[in-house]
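K.L.:
Below you'll find the structure I mean.
The values are calculated or read from the model by the stated rules, or taken from the named source; none is laboratory data. Just so we're clear, the structure is a prediction, and the values are computed from it rather than from any experiment. We place every Cβ from the backbone using ideal geometry, glycine too, and count neighbours over all the protein chains shown. Side chains included, ligands, DNA and RNA excluded: accessible areas come from the protein's heavy atoms. Shrake-Rupley method; radii C 1.70, N 1.55, O 1.52, S 1.80 Å.
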Amino acid sequence: MSTQKALLMPTPGGSYTVGEVAVPSPGPNDVLVKVQAAGLNPVDWKVALPEYVSLGLVPGYPFTPGSDGAGVVVEVGAEVSKFKKGDRVLFQGSRMKSGFGTFQEHSLVRAPLLAKIPDNISFDAAATVPSGLVSVVLALYNQHNEQESLGLKPFWSEGGSTAYAGKPIFILGGATSVGQYAIQLAKLSGFSPIITTASPRNAALLTALGATHVVDRTRPADAILADLPALSGGQPIDVVFDAVSDPSTQALAYRALAPGGPGLMLVLPDAIPAELKKDGAQKHIRMVRGMVYLAHAHAVGVEMFERVAGWLEQGLIKPTAFEVVPNGLAGITAGLERLKSGAVSAKKLVVRPQETP
Ligand SMILES: NC(=O)c1ccc[n+]([C@@H]2O[C@H](COP(=O)([O-])OP(=O)(O)OC[C@H]3O[C@@H](n4cnc5c(N)ncnc54)[C@H](OP(=O)(O)O)[C@@H]3O)[C@@H](O)[C@H]2O)c1
């Protein structure tokens, strides 16, 4: 086993190809995982856009993307004691570190950022979890970067599960992968009511995850805003999570936010119209970068990966629904086209790299 198949972005702004690369070797604190399932994310097509290319966030070209992975441990570094060959594991990949993307047959992971998969969860389901959950954990609970987090008390810390009891939260885009984890963590933090926007067909799903009110996302912003006071029981809403963050949802999110509290969390750069900000209100706007390998994300990331197996086993966190895309790595480009066109609703697309023809 010296070479393997991997998805490659050959040049800046190029198109993906499947190629043959060396199987990476684990460093002392790394684990090598045979990837059984890898989840697709919008960023996997966005990395070819000029605005992403210009950020220069990849180690060079070609690089291998892929931010969600689940598989079996095949090798552990000399200093790794918590994992052994044969363990079933889930992890967030990184396109920024050579060998750490999940769109390949074997991927490296830093051992503290790896979690075992409980028996009740399949590889495909496990691969829907890491990036969505990491993004929301960092957005809500990271204490080490106030520009990128609302800095809430983690639900797993002493008093954290009741810290926000009776407080309303508004989550735009509850059916996105990120939104589904935002609803679940909001519930675990005690927030109530949990108001979200989605297509009506997803209302039952989101209610089962913890939403108390699902508002039709196609209604005009003014109508949604007019309904919020009744839905929040008249309480000001000072925690808003925009899991879509397109210009229209950002404007709605900003208008819905009451000043002075933790604030508005965005998942894409701030595009709130300057006109709206002229209100001069003390509204805090944050944007998360949901990558656990960022230095400021490490501490809370380790706390999360230590606990995630238990959360999944107990059903505190439910993976998102998924669809397995055929042809392994060779199916990714077609899957990303579906994400890009908005054709995927309330589920994660997953590939199995070992099924690559
Ligand atoms: N900053 C970060 O670290 C970070 C991390 C992860 C993702 N992101 C970004 O976050 C966004 C969501 O990613 P994802 O993977 O969670 O998305 P996703 O699961 O692919 O999102 C699909 C869902 O978007 C919903 N949606 C689309 N437009 C909407 C609107 N105007 N209002 C409410 N819902 C809407 C649809 O809901 P319905 O089916 O109900 O219509 C659909 O189910 C993407 O832009 C992604 O790039 C950022």
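K.L.:
So which of P269, P259, P229 ends up being surrounded by fewer than 14 Cβ atoms within 10 Å (Cβ to Cβ) and within 12 Å of the ligand (Cβ to nearest atom)?
P.N.:
Numbers: P259 fails: within 12 Å of the ligand (Cβ to nearest atom); P229 fails: within 12 Å of the ligand (Cβ to nearest atom).
One residue alone meets the criteria, P269.
K.L.:
Can you say whether V31 is of a type outside the set (F, W, Y) and within 19 Å of G99 (Cβ to Cβ), as far as the supplied structure shows? Steps first, please.
P.N.:
On the way: of a type outside the set (F, W, Y): yes; within 19 Å of G99 (Cβ to Cβ): yes.
Spelling it out, V31 is indeed of a type outside the set (F, W, Y) and within 19 Å of G99 (Cβ to Cβ).
K.L.:
Moving to a separate point now. Is the stretch 98-118 home to any residue that is among the hydroxyl-bearing types (S, T, Y), within 16 Å of the ligand (Cβ to nearest atom), within 18 Å of H298 (Cα to Cα) and in contact (Cβ under 8 Å) with a residue 12 or more places away in the chain?
P.N.:
Restricting attention to the stretch 98-118, the residues satisfying the condition of being among the hydroxyl-bearing types (S, T, Y) are 98, 102, 107.
Narrowing the set further to residues that are within 16 Å of the ligand (Cβ to nearest atom) leaves 102.
Checking which are within 18 Å of H298 (Cα to Cα) leaves us with none.
No, that holds for no residue.
K.L.:
Can you say whether E337 is in a helix (DSSP H, G or I), in the same structural domain as K97 (by TED's automatic domain parsing) and within 16 Å of the ligand (Cβ to nearest atom), as far as the supplied structure shows? Can you show your working first?
P.N.:
Details: in a helix (DSSP H, G or I): yes; in the same structural domain as K97 (by TED's automatic domain parsing): yes; within 16 Å of the ligand (Cβ to nearest atom): yes.
Answer is yes for this residue.
K.L.:
Kindly list, by first and then second residue, each pair from a residue in the stretch 1-19 that is at positive phi to a residue that is open to solvent by 30 Å² or more (accessible area, probe 1.4 Å) and not in a loop (DSSP other than H, G, I, E, B), limited to pairs with Cβ atoms under 8 Å and residues at least 6 apart or on different chains.
P.N.:
Every condition considered, the pairs that remain are G13/P50; G13/V53.
K.L.:
Name every residue in the stretch 186-196 that is away from the ligand (no atom under 12 Å from the Cβ) and either free of Cβ contacts under 8 Å to residues at least 60 places away in the same chain or in a loop (DSSP other than H, G, I, E, B) (or both), in order of residue number. Lay out the reasoning, then the answer.
P.N.:
Here is the first cut: in the stretch 186-196, the residues away from the ligand (no atom under 12 Å from the Cβ) are 186-195.
Across the stretch 186-196, the qualifying residues are A186, K187, S189, G190, F191, S192, P193, I194, I195.
For (1) closer than 25 Å to A309 by Cβ; (2) touching a residue at least 12 places away in the same chain (Cβ under 8 Å); (3) assigned by TED's automatic domain parsing to the domain that holds F241, each residue gets a yes or a no:
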position: A125; (1), (2), (3): yes, yes, no
position: V136; (1), (2), (3): yes, yes, yes
position: E146; (1), (2), (3): no, yes, yes
position: L150; (1), (2), (3): no, yes, yes
position: F155; (1), (2), (3): yes, yes, yes
position: I169; (1), (2), (3): no, yes, yes
position: G179; (1), (2), (3): yes, yes, yes
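K.L.:
Identify the residue in the stretch 28-45 that is open to solvent by 20 Å² or more (accessible area, probe 1.4 Å) and away from the ligand (no atom under 16 Å from the Cβ) and, among all such residues, is nearest to the chain's Cα centre (by Cα).
P.N.:
Here the answer is Q36.
K.L.:
Another question, then. Going by what's in this entry, would I332 be described as open to solvent by less than 70 Å² (accessible area, probe 1.4 Å), aliphatic (A, V, I, L, M) and more than 16 Å from the chain's Cα centre (by Cα)? Steps first, answer last, please.
P.N.:
Numbers: open to solvent by less than 70 Å² (accessible area, probe 1.4 Å): yes; aliphatic (A, V, I, L, M): yes; more than 16 Å from the chain's Cα centre (by Cα): yes.
Here the answer is yes, as I332 does meet what is asked.
K.L.:
Going through A78, A48 one at a time, which residue ends up being open to solvent by less than 70 Å² (accessible area, probe 1.4 Å), in the same structural domain as L114 (by TED's automatic domain parsing) and not polar (S, T, N, Q)? Steps first, answer last, please.
P.N.:
On the way: A78 fails: open to solvent by less than 70 Å² (accessible area, probe 1.4 Å).
After applying the criteria, what remains is A48.
K.L.:
As an exercise: evaluate V21 against (1) touching a Phe, Trp or Tyr at 6+ places or on another chain (Cβ under 6 Å); (2) assigned to a strand (DSSP E or B) and give the number of the one condition it does not meet.
P.N.:
(1)
K.L.:
Just one of (1) open to solvent by less than 20 Å² (accessible area, probe 1.4 Å); (2) free of Cβ contacts under 8 Å to residues at least 60 places away in the same chain; (3) charged (D, E, K, R) trips up D68, so point out which.
P.N.:
Going through (1) open to solvent by less than 20 Å² (accessible area, probe 1.4 Å); (2) free of Cβ contacts under 8 Å to residues at least 60 places away in the same chain; (3) charged (D, E, K, R) one by one, D68 breaks only (2).
K.L.:
Can you find even one residue in the stretch 142-152 that is of a type in the set (A, V, I, L, M, F, W, C), part of a loop (DSSP other than H, G, I, E, B), closer than 24 Å to R289 by Cα and more than 16 Å from the ligand (Cβ to nearest atom)? Can you show your working first?
P.N.:
We begin by selecting, within the stretch 142-152, every residue of a type in the set (A, V, I, L, M, F, W, C); these are 150, 152.
Still in the list and also part of a loop (DSSP other than H, G, I, E, B): 150, 152.
Of the ones still in play, those that are also closer than 24 Å to R289 by Cα are 150, 152.
Add one more test, that the residue is more than 16 Å from the ligand (Cβ to nearest atom), and what stays is 152.
Yes, the stretch 142-152 has at least one match.
K.L.:
E158 versus (1) touching a strand residue (DSSP E or B) at 6+ places or on another chain (Cβ under 9 Å); (2) acidic (D, E); (3) open to solvent by 40 Å² or more (accessible area, probe 1.4 Å): which is the lone unmet condition?
P.N.:
Exception for E158: condition (1).
K.L.:
Keeping to the stretch 274-301, report how many residues are within 16 Å of the ligand (Cβ to nearest atom) and assigned to a loop (DSSP other than H, G, I, E, B).
P.N.:
Applying the first criterion (within 16 Å of the ligand (Cβ to nearest atom)) to the stretch 274-301 yields 285-298, 300-301.
Cutting the leftovers down to assigned to a loop (DSSP other than H, G, I, E, B) gives us 288-294.
Residues that pass the stated criteria total 7.
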